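Beneath this line is the structure, given in structure tokens, with notes to follow.
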There are 4 protein chains.
Amino acid sequence: MCRWLAYRGPAISLDTLVMKPEHSLVAQSFNAQRNIIAVNGDGFGVGWYGENRYPGVFRDTAPAWHDENLRHLTAQIRSSLFFAHVRASSGPDVQRTNCHPFQYENWLFQHNGAIGGFGRVKRTLDQAIDAELYTQLRGSTDSERMFFLALTFGLREDPPAALRRMVAFVEQTCSNAGVAEPSRMTIAVSDGVRLFALRYSSSRNSQTLYHSRNIHALREVGGSGEELSPDAVIVLSEPLDNVSEHWEEIPESTLLVIEPDGIEAMAFEPAA
Amino acid sequence: MCRWLAYRGPAISLDTLVMKPEHSLVAQSFNAQRNIIAVNGDGFGVGWYGENRYPGVFRDTAPAWHDENLRHLTAQIRSSLFFAHVRASSGPDVQRTNCHPFQYENWLFQHNGAIGGFGRVKRTLDQAIDAELYTQLRGSTDSERMFFLALTFGLREDPPAALRRMVAFVEQTCSNAGVAEPSRMTIAVSDGVRLFALRYSSSRNSQTLYHSRNIHALREVGGSGEELSPDAVIVLSEPLDNVSEHWEEIPESTLLVIEPDGIEAMAFEPAA
Amino acid sequence: MCRWLAYRGPAISLDTLVMKPEHSLVAQSFNAQRNIIAVNGDGFGVGWYGENRYPGVFRDTAPAWHDENLRHLTAQIRSSLFFAHVRASSGPDVQRTNCHPFQYENWLFQHNGAIGGFGRVKRTLDQAIDAELYTQLRGSTDSERMFFLALTFGLREDPPAALRRMVAFVEQTCSNAGVAEPSRMTIAVSDGVRLFALRYSSSRNSQTLYHSRNIHALREVGGSGEELSPDAVIVLSEPLDNVSEHWEEIPESTLLVIEPDGIEAMAFEPAA
Amino acid sequence: MCRWLAYRGPAISLDTLVMKPEHSLVAQSFNAQRNIIAVNGDGFGVGWYGENRYPGVFRDTAPAWHDENLRHLTAQIRSSLFFAHVRASSGPDVQRTNCHPFQYENWLFQHNGAIGGFGRVKRTLDQAIDAELYTQLRGSTDSERMFFLALTFGLREDPPAALRRMVAFVEQTCSNAGVAEPSRMTIAVSDGVRLFALRYSSSRNSQTLYHSRNIHALREVGGSGEELSPDAVIVLSEPLDNVSEHWEEIPESTLLVIEPDGIEAMAFEPAA
């Protein structure tokens, strides 16, 4: 059970959301209250789009809360589209290649949740990954496999369709293997322009996901930090310990598409 | 606010207490309930006496709960006198040289608590450390300074007297610097034969400390692990989430001396 | 290009070979002279058989030369059969799951060399790994795959035959993929009783491998350390910077089987 | 024996000098040829001035050569004044707080060399550090002490004078302690506007230090990277394996002051 946030809007320092607020992602890593596993101490990562063709990624295996590099970097780096993630491993090793976000060319991907019975379907999932992409697979998480399967199924051409195919393939594979546990996921994925946020569970019981509705929401999170623009959107696992009216819960089985000119929510169903 | 345990008795695998029980020290690191800071994710360490002249020490900066080296080593290493510690830093950097236990020649030392207003007295404390010992000082914690001051004040010759002098010196230094916050400590220290356990606070409000009273206490902690001997003694910060009658709370201002032939509790007062 | 050693004989402290000698494995990690890549700074590991059913393993990603945990542990741990390895990555990530030795149940495995064109055959090799074993695959190296393929091909039943099949399968897969570069390997593998040491290259040009011939060889390596028994055998990548007559080079295409009652060298040819 | 570079000029990506060139600092970390200790694998760091009041710092303990975070960050971060350092420890622990550059408010400091007999004078040096600054001391190196002594002696008011006093104090302290070994240093220090580069040894035998003379020098180092401006200046330990005429060796006992409008070289003598 991890936690993540994604931001799209005028460029701000990453620490405006990641470090400074009372309920920042890093503060949440230490003492989460809404979800089950309280501690997200198994690594962290930030990914951000800057002036280069590909985004930057900084990931490490220590808990986020005392990491001075993270404090320094989020204070120095400004971005108009960035991801941040704190991890609680449910099994796979604590190593940088298992930390989110994952990057492939201009794409970033991060995930909270789990593929049910992952150990029993990992081999079949791996075999379905495109041969070219397979050489880039570096870690051992279900999350990285979901990313690479989405890439295999056309993420670069049609992201919503690729995500539908990926989830359908995961569910079919689990079903074939006789896995009873549901798969649950909240996913953020971006090509550097569009930000996609998915909330889905095969049992219709996924982790929470919220997005900001208005400038007041941003002020709640951004607290004493930099002035946030009314045009900005934040998507995150849990906005605050007490969710206010300024936040909107993303419903089950929903894909949010956040583009420069607006947000669109579409119903999400797996489809091969 | 850290947590520690110390064991003296017939040789057992370290994991019997450190890893395996439901309420093992490592389980406690993840979800402590009795003390204030819930997570002890800022490093860990074990120290053990074996066949060599000096004890072995294994310390690392990752959280203990997913560390495979710790799992392997505690399963392989047997000892009749060992320490284990999980750390929650209140400020000093997360680095191996700040992890407990600290070792000097045949001595091991570990600590939970804090010197009140440490930043304001650190320089004076450092200056009081014996010049020869000073070159061995490697980290930045108050704990290591307490150990080296105790060594300076004669730990190798008369441990109880050296601990009394050390605490008196710390309290006097804080008082001279106008520090209002109390110093609080639970300390384990050993020369490889005797195990000393101190509970003290200048405000008479130190962290909890318990020792096992009988074989039932050992069974509570040792759970499904190796058979523990009735001759063994365990001292630890918190025995279980619900302390049973098989454990005895070590009172405030008490120094426990655990020798091969018995346990002695003596009142502890600082004394220059 | 890594370096490794394996020891079989009366129990000694690991540091007798790993740390103390002037030309110890750790000293070699810092300044190798015979092979091409001079620095083995991308992690290290030791594996040893003790009193438990399964061997212990200690691996970390830092260079071996300043690692205090390694110094402590090799000084405390005694074993009559142990492996030690220092790594120079040719590509796969520097993470513990890529450090040698690899362990599976009672088996240890370590490797120096590379599968030619590994990136192009990795997916096919992975697909050939037994489904049950596949869930235990944790890293991204060619080495771990060679180990798991050997297990798949019957390492537990007939080690020489499984190694022959594994190498044949790797060569066939490379050939099918049009890989021109040769595969080269020196491998140590053990079940806790027998120690197998393989030197092989598909181009008949593998890294060097030596074994001790007599007590003088042991004294050369063990230097000022513990007294070594004439019954002990050491196998290692490079014995010393100037190889003396007390060492015997293991010829190309040779599998050494070291058992309690002697050493047997057998010609090694891949065989499906 | 470490290695470092410092850059002042129009803003460039850090990787232009740190990562990309054939003889980049990171390439040098792996295989230095001119100095005695060949491998700089004991940590690294970069410090850079950006838009904030204080510079950013990224330091880690792994070898620089395979560190993906370093690769990512130096590709994303642009700066007109930055430091980079690769470390070979001569004793103090490999931990982030011992990695260069050191930062204090708007100041950055990095060092190659050693205080002769450091262990014997450390305590006296520590005691001379300003009480306020002392609480900020975090590591155990001679380098950090030189920085804090310079701050104590007025670095913020008159950098050349403070450096002269610092070196004089170090030499006097060593002399008082009967230390025979010389102190040797090449130092880079900056307030974000001026860049100071010092080459000094009490035995007139310090490590090499060079600065670029012209655009050809920049092209030699910058290789295939970003276009470097003729206005830029690079100072570094060793420019290339074969030093060309485009580089100027900074003479012994010289302090270079690099300001936006030019470079000034002044003779440097310790002076209390």
Within the range B:84-202, strands (runs of 3 or more DSSP E) holding 1 or more residues that are within 14 Å of chain D (Cβ to nearest Cβ) and within 12 Å of the chain's Cα centre (by Cα): B:102-104
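Looking only at the range B:43-61, count how many residues are over 21 Å from residue D:140 (Cα atoms) and either buried (at least 24 other Cβ atoms within 10 Å of the Cβ) or at the interface with another protein chain (Cβ under 7 Å from one of its Cβ atoms) (or both). Give the steps one after another, and end with the answer.
Within the range B:43-61, the first condition is being over 21 Å from residue D:140 (Cα atoms), and the residues that meet it are B:46-56.
Still in the running and either buried (at least 24 other Cβ atoms within 10 Å of the Cβ) or at the interface with another protein chain (Cβ under 7 Å from one of its Cβ atoms) (or both): B:46-48, B:50, B:52, B:55-56.
Of the residues in that region, 7 qualify.
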Among (1) in a loop (DSSP other than H, G, I, E, B); (2) touching a helix residue (DSSP H, G or I) at 6+ places or on another chain (Cβ under 8 Å), the one test that residue D:57 misses: (1)
Residue check for residue B:7: in a strand (DSSP E or B), aromatic (Phe, Trp, Tyr) and at pLDDT 90 or above: yes
Hits in the range D:111-133 - residues which are out of contact with any strand residue (DSSP E or B) (no Cβ under 6 Å at 6 or more places or on another chain), of a type outside the set (A, V, I, L, M) and open to solvent by 10 Å² or more (accessible area, probe 1.4 Å): D:117, D:118, D:119, D:120, D:122, D:123, D:124, D:127, D:130, D:132
Qualifying residue in the range C:93-100 (condition: over 24 Å from residue D:67 (Cβ atoms) and surrounded by fewer than 23 Cβ atoms within 10 Å (Cβ to Cβ)): no
Filtered residue count, the range C:39-84, keeping only those that are among the basic types (Lys, Arg) and touching a Leu at 6+ places or on another chain (Cβ under 8 Å): 1
Sole residue being acidic (Asp, Glu) and on the phi > 0 side of the Ramachandran plot, chosen from A:105, A:51, A:144: A:105
Out of B:257, B:189, B:193, sole residue that is at negative phi, β-branched (Val, Ile, Thr), modelled with pLDDT of 95 or more and open to solvent by 50 Å² or more (accessible area, probe 1.4 Å): B:193
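Taking residue B:27, is it open to solvent by 10 Å² or more (accessible area, probe 1.4 Å) and away from chain C (no Cβ under 13 Å)?
yes
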Residue check, residue C:180 open to solvent by less than 50 Å² (accessible area, probe 1.4 Å) and on the phi < 0 side of the Ramachandran plot: no
Pick from the range C:203-218, criterion part of a helix (DSSP H, G or I) and in contact with a strand residue (DSSP E or B) (Cβ under 7 Å, 6 or more places away or on another chain), ranking: surrounded by the fewest Cβ atoms within 10 Å (Cβ to Cβ): C:217
Counted residues, the range B:66-76 - those being more than 7 Å from every other protein chain (Cβ to nearest Cβ) and crowded, with 23+ Cβ neighbours inside 10 Å: 2
Condition met for residue A:40 (in a loop (DSSP other than H, G, I, E, B) and within 13 Å of chain D (Cβ to nearest Cβ)): no
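For residue A:17, state whether it is under 24 Å from residue D:12 (Cα atoms), over 13 Å from the mean Cα position of the chain (by Cα) and either open to solvent by less than 10 Å² (accessible area, probe 1.4 Å) or modelled with pLDDT under 95 (or both).
no
The values are calculated or read from the model by the stated rules, or taken from the named source; none is laboratory data. Every value quoted in this text rests on a predicted model; they were computed, and no experiment measured them. Note: ideal-geometry Cβ built from the backbone for every residue, glycine included; neighbour counts use all protein chains shown. Accessible surface areas use protein heavy atoms only, side chains included; no ligands, DNA or RNA. Shrake-Rupley method; radii C 1.70, N 1.55, O 1.52, S 1.80 Å.
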